[in-house]
Amino acid sequence: MKSACVAILFASLFIAGCAVPTRASISNQSEVSLWRGRLAVRVESDQPQSFTAGFELTGNAQAGELTLFTPLGSTAAALSWSSQTALMRSNGDVRYFDSLNALIKQAVGTEIPVVALFAWLAGDNMNVAGWSADLSQQANGRITARRTQPAPLAEIRLVIEK
């Protein structure tokens, strides 16, 4: 279960990668950012973990939704967050957290720079201590982000559909 939580959490935060978002209308006619693609996450901890998944991400660092898909296209997990709460649905279970940061820390065991992830998606190479993002392939829908400090080392690779 922790492996699935780690995958879901890393996916949600690093999906933000660096790509040009498409726009989608929602019921109240406002626009939200929408990113779709594939991601791979690797964490070099005492028990190294890695996973790949398809994803769909909408929203921003303050409120959004992330859905992760299996290779066959079924939903592996769905995360949603707002300023008041964050929740993760997986295998019929729902877990609630006080914030997205709490959800991430519980699932992954470490913090992830959510605000920077959304900045990277927008093409802004925001600096975050310990992290480096490679946005050089953003025009091709690809981004890589690496954390070197603090441990554990982590890497996220995103391929955004255009």
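Every read-out reported here was derived from the displayed coordinates using simple, explicitly stated rules and does not represent laboratory data. None of the values given here were measured: they were computed from a predicted structure. When we count neighbours, we look across all protein chains shown, and the Cβ atoms used for this are built from the backbone with ideal geometry, even at glycine.
Points to keep in mind about this one:
- Each label point was placed 7 Å from the Cα along the Cα-to-Cβ direction; for R89 and T148 their separation is 4.1 nm.
- nm² value of the averaged projected area, convex hull over the Cα atoms of segment 112-151: 2.6
- For the pair T52 and S99, label points projected 7 Å from Cα toward Cβ lie 3.4 nm apart.
- Within the shell of other residues whose beta carbon sits under 11 angstrom from the beta carbon of P152, the net charge comes to -1, with Lys and Arg scored +1 and Asp and Glu -1.
- Gain upon complete extension [L34, N125; 0.36 nm per residue less C-alpha separation]: 30.8 nm
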